1. Which whole-number percent is the relative contact order of the chain (Cα, under 8 Å, 6+ apart)?
2. Nearest 5 percent is fine: what portion of the DSSP beta bridges confined to the chain is antiparallel?
3. State which helices in the chain qualify, where a helix is a whole DSSP H run, it must extend 27 Å or more along its own axis by its Cα atoms, and its mean Kyte-Doolittle hydropathy must be at least 1.6.
4. According to the square roots a ≥ b ≥ c of the eigenvalues of the Cα gyration tensor, what is the shape class of region 173-230, taking rounded for a/c under 1.5, prolate for a/b larger than b/c otherwise, and oblate for the remainder?
5. Under the classification rounded if a/c is under 1.5, otherwise prolate if a/b is larger than b/c and oblate if not, where does region 72-130 fall, given a ≥ b ≥ c as square roots of the Cα gyration tensor eigenvalues?
6. So, by mean Cβ neighbours within 10 angstrom, what's the order for 123-132, 148-157 with the highest one leading?
7. Quick check: pseudo-label points 7 Å beyond the Cα along Cα→Cβ at Glu143 and Thr62, how many nm apart are they?
8. Under a 10 Å cutoff between Cα atoms, tell me which one of Asp61, Asp122, Asp135 has the largest fluctuation in the Gaussian network model of the chain.
Amino acid sequence: MYELYIANKNYSSWSLRPWVLMREHAIPFVEHRLRFGESSQWNDFRRISPSGKVPCLIDGDTAVWDSLAIAEYLAERHTGMWPVDAVARAYARCASAEMHSGFSALRNRCPMNCGVRMRLHDIPAELSADIKRLDVLWTDGLERFGGPFLGGGTFTAVDAFFAPVAFRIQSYGIALGSAASAYAARLLALQSMQEWYAAGLAERFRDAPHEEEVLQLGTVMEDLRAAPLD
Ligand SMILES: N[C@@H](CCC(=O)N[C@@H](CS)C(=O)NCC(=O)O)C(=O)O
């Protein structure tokens, strides 16, 4: 049985990628949820993960400690992780890699915090450029491969890579064209995404650095999470 180490569902965008991919494909795993700021848990975890970062997939004696590497590791063992069509697969790999190494303004200016609804203080040019690029990238995949997912008819790793972006779009009210908006709504409506979201909202622990980060970037209009722990 695979073991998947993740962090707080409200905040951990990288953790969501393999989690939603495995859930959408009904690949069984045992989930270990670590809590940001709780050093004893993380110290134990760092003994098994070389980078000390989540997500980390443990398969017997093998640790796979990066979300893209986990997708590729799973793709060697399970069908359906990438689109079957070679052209769609090339697109899916490029788009996933682009998300993995790019979109830094979107990542830094709109950090994932599933339970809050934010109004940003400002939208700098680099964030607008990332949003425009996201719109073009998603619309391209949806049009070329026919949807409803980016690489065609089924949910694959590229959708998992953009699943955290759907939560960012919801939290920050990011406007996209109609095809891209409908795609984000489709991701949010998936049962696995709803389950992640509900578990994120139920978390009562607040990580101070994550909370301070959003307060610097904007105004919290709504906080839908369960009451914080004292
Ligand atoms: N490139 C890595 C990034 C993972 C990452 O940055 N994870 C964050 C949590 S979302 C983390 O573990 N932070 C804890 C730390 O840096 O101590 C991946 O794709 O898995």
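1. 25 percent
2. Antiparallel bridges make up about 70 percent of those DSSP assigns within the chain.
3. Helices passing the filter in the chain: none found.
4. oblate
5. Since a/c reaches 1.5 and a/b is larger than b/c, the shape of region 72-130 is classed as prolate.
6. The peptides rank, most packed first, as 148-157, 123-132.
7. 3.9 nm
8. Asp61
Bear in mind these aren't lab numbers, they're just calculated from the coordinates by the rules spelled out. A quick note: this is a predicted structure, and the numbers were derived from the prediction, not measured. Quick reminder, even Gly has a Cβ in these numbers, built from the backbone with ideal geometry, and neighbours come from all protein chains shown.
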